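Trainee: Could you have a look at this structure, given as structure tokens, before my questions?
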Amino acid sequence: MSREIVVFIAMSLDGFIAKENDDLQWLEETEGEGDGGYSDMYQTIDTVIMGKRTYDYILDHSDTFPYPDKKCYVFTTSQIGEDEHVTFVKEDVVAFTKQLKEQNGAKIWMVGGAGILDAFLQEQLIDEWIITITPHLLGSGIPLFKSRRPFEDLQLLETKRYGQMVQMHYQVRKEALLCKIKYK
């Protein structure tokens, strides 16, 4: 059985996950409620995947590493080996993740990196989407979705309100994906 990859992310109403300069202050200042479902999602995963820019942002903006109890992989072209928190990976993100999905374990959280997310979308590797919409129209920045990607059929599992934010939880319909693969 293949492990699932979940995207748990917040975006502005107009689809941006950060401003051009990776500024997330608008998100941090949003009137929310509780932890926005983070703790519940975090309990379902045992592995974290992110890009180097996301990793550097986390280190620059956190007092302590936020995922010490999870296996963390950081995809980079500039670093190899490990540090106290993560394993740096210079391999192809899609090939590496396909192998990771076949290993025993819980869900895998794709934390960030628009480039990694786009690669996963192109290969239809995402199994679950938990997207929290914030009450902002940023106008520009780093979009959650790039313009061209394959069609995917999703099933809405639930919606929740966290203060001024609304969270939508979707699962990719496996039947539709299997039919597409079968008839390629």
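The values are calculated or read from the model by the stated rules, or taken from the named source; none is laboratory data. Just so we're clear, the structure is a prediction, and the values are computed from it rather than from any experiment. Here the Cβ is made from the backbone with ideal geometry for all residues, glycine too, and neighbour counts use every protein chain on show. All accessible areas refer to the heavy atoms of the entire protein, side chains included, with ligands and DNA or RNA removed. Shrake-Rupley method; radii C 1.70, N 1.55, O 1.52, S 1.80 Å.
Trainee: So how many residues does the stretch 1-14 have that are assigned to a loop (DSSP other than H, G, I, E, B) and open to solvent by less than 40 Å² (accessible area, probe 1.4 Å)? First the steps, then the outcome.
Mentor: Here is the first cut: in the stretch 1-14, the ones assigned to a loop (DSSP other than H, G, I, E, B) are 1-4, 13-14.
From what is left, the residues that are open to solvent by less than 40 Å² (accessible area, probe 1.4 Å) are 3.
The number of residues fulfilling the criteria is 1.
Trainee: So residue 131 passes all but one of these: (1) closer than 26 Å to residue 25 by Cα; (2) without any contact (Cβ under 8 Å) to a residue 40 or more places away in the chain; (3) not in a loop (DSSP other than H, G, I, E, B). Which condition number does it fail?
Mentor: Only one criterion in (1) closer than 26 Å to residue 25 by Cα; (2) without any contact (Cβ under 8 Å) to a residue 40 or more places away in the chain; (3) not in a loop (DSSP other than H, G, I, E, B) is unmet by residue 131, namely (2).
Trainee: Exactly one of (1) closer than 21 Å to residue 24 by Cβ; (2) open to solvent by less than 30 Å² (accessible area, probe 1.4 Å) is unmet by residue 39. Its number?
Mentor: Failed condition: (2).
Trainee: To continue, here is another question. From the residues in the stretch 167-184 that are of a type in the set (A, V, I, L, M, F, W, C) and either modelled with pLDDT of 90 or more or in a strand (DSSP E or B) (or both), which one is least open to solvent (accessible area, probe 1.4 Å)? Break it down into steps so the answer makes sense when it comes.
Mentor: Quick first cut of the stretch 167-184, residues of a type in the set (A, V, I, L, M, F, W, C) only: 168, 172, 176-179, 181.
Restricting the remaining residues to those that are either modelled with pLDDT of 90 or more or in a strand (DSSP E or B) (or both) gives 168, 172.
Details: 168: 48, 172: 6 Å².
Among those that are of a type in the set (A, V, I, L, M, F, W, C) and either modelled with pLDDT of 90 or more or in a strand (DSSP E or B) (or both), it is 172.
Trainee: Go over the candidates 164, 155 one by one and state the one that is surrounded by fewer than 14 Cβ atoms within 10 Å (Cβ to Cβ), closer than 26 Å to residue 54 by Cβ and modelled with pLDDT of 90 or more. Explain how you work it out, then say what you get.
Mentor: Details: 155 fails: closer than 26 Å to residue 54 by Cβ.
Of the residues listed, the single one that is surrounded by fewer than 14 Cβ atoms within 10 Å (Cβ to Cβ), closer than 26 Å to residue 54 by Cβ and modelled with pLDDT of 90 or more is 164.
Trainee: When both residues are 6+ apart or on different chains and their Cβ atoms are under 9 Å apart, which pairs have a first residue that lies in the stretch 137-149 and is at positive phi, and a second that is not in a loop (DSSP other than H, G, I, E, B)?
Mentor: Hits for this filter: 139/12; 139/16; 141/12; 141/16; 141/17; 141/18.
Trainee: When you look at residue 17, is it within 14 Å of the chain's Cα centre (by Cα), surrounded by fewer than 17 Cβ atoms within 10 Å (Cβ to Cβ) and not in a loop (DSSP other than H, G, I, E, B), yes or no? Don't jump to the end; show me each part of the working.
Mentor: Numbers: within 14 Å of the chain's Cα centre (by Cα): yes; surrounded by fewer than 17 Cβ atoms within 10 Å (Cβ to Cβ): no; not in a loop (DSSP other than H, G, I, E, B): yes.
Judged against the criteria, residue 17 is not a match.
Trainee: Scan the stretch 109-137 residue by residue and report those that are open to solvent by 40 Å² or more (accessible area, probe 1.4 Å) and at pLDDT 90 or above. If you could, list the steps in order and put the result at the bottom.
Mentor: Initial filter on the stretch 109-137 (open to solvent by 40 Å² or more (accessible area, probe 1.4 Å)): 115, 122-123, 135-137.
Once the filter is applied, which keeps residues that are open to solvent by 40 Å² or more (accessible area, probe 1.4 Å) and at pLDDT 90 or above, the stretch 109-137 yields 122, 123, 135, 136, 137.
Trainee: Can you pull out the residues in the stretch 95-108 that are open to solvent by 10 Å² or more (accessible area, probe 1.4 Å) and either in a loop (DSSP other than H, G, I, E, B) or in contact (Cβ under 8 Å) with a residue 24 or more places away in the chain (or both)?
Mentor: Here is the first cut: in the stretch 95-108, the residues open to solvent by 10 Å² or more (accessible area, probe 1.4 Å) are 95-96, 98-99, 101-107.
Listed by number, the residues that qualify are 98, 101, 102, 103, 104, 105, 106, 107.
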